[in-house]
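The values are calculated or read from the model by the stated rules, or taken from the named source; none is laboratory data. Everything numeric in this text was worked out from a predicted model, so none of it was measured. We work out accessible area using only protein heavy atoms, side chains counted, and drop any ligands, DNA or RNA first. Shrake-Rupley method; radii C 1.70, N 1.55, O 1.52, S 1.80 Å.
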Amino acid sequence: MKSFTRGFLFGVVATAGAVIGSVLSFKKQVVDPIEDQENKFEENRKRAMRKSRSAHNG
């Protein structure tokens, strides 16, 4: 019974580690590049707005 409990706990910890690893990998590979792209678009939009306002200022 003792070895079953130890094996069961090891399996639970290993499975949890695999799930956490896959979630973090997905975030790094998919979510972060999308957020970076959105931030770049937002920065370009702000820059274009400033440039447009300064061009029509005088």
- Note on the structure: Carbon plus sulfur, as percent of the 1.4 Å-probe accessible area of the chain, comes to 63
- In deg cm²/dmol and to the nearest 500, what is the mean residue ellipticity at 222 nm of the chain if only DSSP H runs of at least 4 residues count, each as -39500 (n - 2.57), divided by the residue total? -30000 deg cm²/dmol
- Can you work out the accessible area per residue across the chain, with the rest of the protein chains kept in place, probe 1.4 Å, in square angstrom? 95
- Message: Largest first, please: the extent of the C-alpha atoms of the chain along each principal axis, to the nearest Å.
- Response: 84, 13, 5
